[in-house]
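Since the structure comes first, as structure tokens, the remarks are kept for the end.
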Amino acid sequence: MKIAVTGASGTQGNAVACLLTSQGHEVRRITRNPKHPNDVHGDFDRPASLEQAFADIDGLFLMTPLSGPSEAAQGIAAVDAARHVPHVVFTSATNADRDTGIPHFDTKAAIERHLAANHPHWTVLGPAAFMSREGPVALPIPRTLKLHLIAPEDIAAMAALAFEQPARFHHRRIDIASDRLTGPEMAAIRSTEFVEFTLAQAETYSSDLAAMFRYFTETGLDLDIPALHAEFPEIAWHTYADWVTGRAEPRPE
Ligand SMILES: NC(=O)c1ccc[n+]([C@@H]2O[C@H](COP(=O)([O-])OP(=O)(O)OC[C@H]3O[C@@H](n4cnc5c(N)ncnc54)[C@H](OP(=O)(O)O)[C@@H]3O)[C@@H](O)[C@H]2O)c1
């Protein structure tokens, strides 16, 4: 298949583009700054560039950059530019469709609604927090709160499966997580300390991210990991320990 991948220089897009390429698909890596042979220019702020970038493809992996209030307009313009694309897989965020009041979740919900209302063949994936090996484990959450986490490779595997088995993913919104751990558990795996800070401190950095961590703490994400993993046994679903140490099992074929 010919598949365009937005955000291909970023965490999710790169994982998706690499996996699809390794599976033999023809991948258009969308970026504002093409450098490599499979890079194609596309800018969310220039819808005409997306029209061109999405021409004559079988599938689109759509992410939206975290760009504040303009994220909704960027995502909606991208959905419109993809109106002729046979299957759009949009990556949103876990529980973004729940009227959370978290600004960057609500912008994604607006894009999801536009996609569902205007595109005949769509899938929404709602990834949890991305696993990371970088920096300290410093979070504004209680030490006992288990955070839902996802490996970018598992987002990619779900997206690839959606393109390969469209009927199984048709008009579905699926929240996805690979593992669930407390801050101290993550820190122990990385042989480091957990640094707990307050929501008030987080607020001084970003009221949007503070709202997200308040939601995680006070409401909690609604995502049944065992049920998800049972429904999609072909995904590797990396544990944080295996992902951090690189001991992960290869994805089953
Ligand atoms: N981090 C998490 O834990 C988490 C969890 C769930 C959901 N999310 C969501 O994931 C999204 C970010 O995904 P990511 O972390 O994979 O991305 P990322 O690593 O932050 O990279 C951003 C990507 O966006 C592209 N981009 C930025 N502005 C653009 C524009 N105007 N036109 C075209 N491309 C543009 C960049 O491409 P170029 O610079 O090459 O053009 C780059 O590939 C956000 O919406 C965030 O809310 C994140």
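Figures for the structure shown
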read-out: Rounded if a/c under 1.5, otherwise prolate or oblate - the range 48-98, Cα gyration tensor axes; value: oblate
read-out: Most fluctuating residue given options E193, E134, E153, as computed from a GNM of the chain linking Cα atoms under 10 Å; value: E134
read-out: Length gained when the stretch S67-H121 is fully extended (0.36 nm per residue, less Cα-Cα span); value: 16.8 nm
read-out: DSSP-defined antiparallel bridges as percent of all bridges, the chain, nearest 5; value: 15 percent
read-out: Debye-sum result for the chain in log10 I(q)/I(0), which assumes one identical scatterer on each alpha carbon, at q = 0.08, 0.10 Å⁻¹; value: -0.30, -0.48
read-out: The chain: most fluctuating residue of D106, D175, D208 per GNM, C-alpha cutoff 10 Å; value: D208
read-out: Calculated FRET value between D80 and E164, using beta carbons and R₀ = 25 Å, to 0.05; value: 0.45
read-out: Listed residue (S92, A4, S67) projecting farthest to the positive dipole end of the chain, Cβ model; value: A4
read-out: Translational diffusion of the range 4-81, µm² s⁻¹ [Kirkwood Rh, Cα pairs; Stokes-Einstein; 37 °C; 0.692 mPa s]; value: 264 µm²/s
read-out: Linear extension gain, H171 paired with N14, 0.36 nm per residue minus alpha-carbon span; value: 54.1 nm
read-out: Added length on full extension, which subtracts the Cα-Cα distance from 0.36 nm per residue, F232 to A110; value: 41.2 nm
read-out: Label point 7 Å beyond Cα of K35 along Cβ direction - residues of the range 42-64 with amide nitrogen under 18 Å; value: 42-43
read-out: Choice from T217, T144, T123 showing the highest fluctuation, given a GNM over the chain with Cα pairs closer than 10 Å; value: T144
read-out: The range 174-235 shape via C-alpha gyration tensor axes, a/c threshold 1.5; value: oblate
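Coordinate-derived values only; no laboratory data. Just so it is clear, the model here is predicted, and its values are computed rather than measured. In this analysis, Cβ positions are derived from the backbone assuming ideal geometry, glycine residues included, and neighbour counts consider all displayed protein chains.
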